[in-house]
Amino acid sequence: MVWLIVVIVAVVVLLLIGLIAIYNRLVSYRNRIDNAWHQIDVQLKRRYDLIPNLVETVKGYAAHEKEVFEKVTEARSWGMRAQSVGEQAQAENAITEALKTLFAVAENYPDLKANQNFLLLQEELAGTESKIAFARQFYNDSVMSYDNARQRFPGNVVAGMFSGKFQPREYFEIEEAAEREAPKVQF
């Protein structure tokens, strides 16, 4: 009889340890996603800070291209107001398209293409775009790991028990066209 109680207590203890381990793993994955999103946010803020300088530089050479500047400014504002991953992805697609238009306008101004400030801003923007792409990949990989842990057995049981804490996360995806054609920032 004593052995039966010991076995039952041991099984319960092992189940509790397993539950705690799975819960902690899900928390780690969730926190990794949050950290990855913060890294994206840092790079997006850097990008948003570069855009006004770039617009002002181009304005000095192509002041009559008002519609292009408004489009870039509007897309930047939209990105800064985005509240969800999906909204942010849509805003980033709009910014990428607006920047393509801005750089297309810049192609028509040889003096602008030779401007040292413009070239420096282009280089910084290109570096930032690469960092955003890397951060987006890390974020999406983190979401995938979290989803796998949340959907596989026994993680799905634990996630179901604490369903309010382990909600599905959204991937940070860009439009297919934007993905295939990166913004051209070199002349």
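Tell me the angle of helix 85-106 to the major Cα principal axis of the chain, expressed in degrees between 0 and 90 and rounded to the nearest ten.
20
In what order do Thr128, Thr73 fall by count of nearby beta-carbon atoms within 10 Å, going from fewest to most?
Thr73, Thr128
What is the angle, in °, between the Cα long axis of helix 66-81 and the longest principal axis of the Cα atoms in the chain? Nearest 10 is fine, range 0 to 90.
Long axis of 66-81 versus the principal axis of the chain: about 20 degrees.
Could you give me the radius of gyration and the Dmax of region 64-163, taking only the C-alpha atoms into account and expressing both in angstrom?
19.8, 64
For region 1-92, what's the radius of gyration and Dmax over Cα atoms, in angstrom?
Computed over the Cα atoms of region 1-92, radius of gyration and Dmax are 26.3, 91 Å.
What is the helix-to-structure angle for 116-151, meaning the angle in degrees between its Cα long axis and the longest Cα principal axis of the chain, kept from 0 to 90 and rounded to the nearest 10?
Helix 116-151 sits roughly 20 degrees off the main axis of the chain.
If the viscosity is 0.890 mPa s and the temperature 25 °C, what translational diffusion coefficient in µm²/s does Stokes-Einstein give for region 124-174 when Rh comes from Kirkwood over Cα pairs?
198
What number, in nm² with one decimal, is the all-direction average of the projected area of the convex hull of the alpha-carbon atoms of the chain?
Numbers: hull surface 49.9 nm².
Here the figure is 12.5 nm², rounded to one decimal.
Any idea how far the Cα center of region 141-172 sits from the one of region 49-92, in Å?
Comparing the Cα centres of region 141-172 and region 49-92, I get a distance of 35 Å.
With unit charges on the beta carbon (Lys/Arg positive, Asp/Glu negative), name the residue among Gln137, Val58, Ala126 whose Cα is farthest towards the positive pole of the charge dipole of region 32-180.
Towards the positive end, the residue furthest out is Gln137.
Only the coordinates and a few stated rules stand behind these numbers; no lab work does. Just so it is clear, the structure is predicted and the values come from calculations on it, not from any experiment. Neighbour counts run over all protein chains shown; Cβ positions are idealised from the backbone, glycine included.
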